[in-house]
Structure formats: C-alpha cells, structure tokens
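Enquirer: Below are the structure tokens for one structure; questions will follow.
The values are calculated or read from the model by the stated rules, or taken from the named source; none is laboratory data. Since the model is a prediction, treat every value here as computed from it, not as a measurement. When we count neighbours, we look across all protein chains shown, and the Cβ atoms used for this are built from the backbone with ideal geometry, even at glycine.
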Amino acid sequence: MTPGAIIDDLGGASAISAKLGLPANTVSNWKVRGSIPVRYWQGLAMMGRELGRDDVLDGLVTAHVGAPTGWAWFRSAPPRAWHPPAQVDVRALRIRLGLSQPAFASRFGFSVRAVRDWEQGRRQPDPAARTLLVVIEHNPEAVTQALDAAGPVAA
C-alpha cells in the first residue's frame, strides 16, 4: 500500500487535513513525496478504524518499511508497565563485558563517578539507569548500536 493509496482510502487530502488540523497542501505533499511523517500515523490509524479500515497502520508501515507487518498486537495489547529491578550488579556486568570503569562509563553514557559509586554501594542507579543497565545486560550491542546511531552529543 502506497502513501498515496492510504490518503485516497481515508477520503483524500482534504478529509485528512480537516481531521488532523493540517493544511490540505501538507497532506497533498505527502502523496507527492511518497512519505507520511511517523508523527501522524496514530491519527491516520484512528481515522482508518473509524472508517472500518483496521489495516491502515499495517499499510503505513508496509509503505515506509517495505515489508508486511504483524502489528495487530500494537492495536490490541494493553499498555504494559515495566519496573526495573531494585538492584543491578553493575560490577559483575562490567566485568562480564571485559570493560574498565572508565570504558564502561564512556561506552554507555554514564559518569565514571556514578559507576564507582554504584559498584561501591555508595549510591544506587536511578530507575532509568537501572532500566538501561538491564538492557545492556541482555543486549549490549543493541545499546552500542543505538547510541552510535544517535551520534555524538556535545558535553
């Protein structure tokens, strides 16, 4: 399904622009460019549901990613709360990865002082840091790839 077909199926540029509160030429430009910004997908998917077209979200993803999806879980799954563990053994994780404290801190965006304090029990990582540490524990390469893709951050 192309972005143009999605726009047509939802009633055209004028219907979408009215529903999303956008200028009609903005929506028309999506059709010309062959791309719909991700930030509008939810609104378009809701329009599709209202029209009995539950396949709109799959069509958006297929049009932009180029592969069929199984996004039914996205539409039907209730939001899931996740709570980080109360403690993470930062030292064991760092040693398992074969990194020094400065290398571990640098690779994953922590301060060396924080890593030292966590390992020596002077401080506990906050919930966001514990969440990141859990992800690092399970897939350090994914975290490294994501941080590399994000690019350098000015200090």
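Enquirer: Does Leu133 qualify as being of a type in the set (A, V, I, L, M), part of a helix (DSSP H, G or I) and surrounded by 16 or more Cβ atoms within 10 Å (Cβ to Cβ)?
Expert: When the stated conditions are applied, Leu133 passes them.
Enquirer: Kindly indicate whether Pro78 is at pLDDT 75 or above, more than 16 Å from Thr2 (Cβ to Cβ) and part of a loop (DSSP other than H, G, I, E, B).
Expert: no
Enquirer: Select from the range 18-40 the residues that are under 26 Å from the mean Cα position of the chain (by Cα) and hydroxyl-bearing (Ser, Thr, Tyr) and write down the one among them that is nearest to Glu50 (Cα to Cα).
Expert: Within the range 18-40, the match that is nearest to Glu50 (Cα to Cα) is Tyr40.
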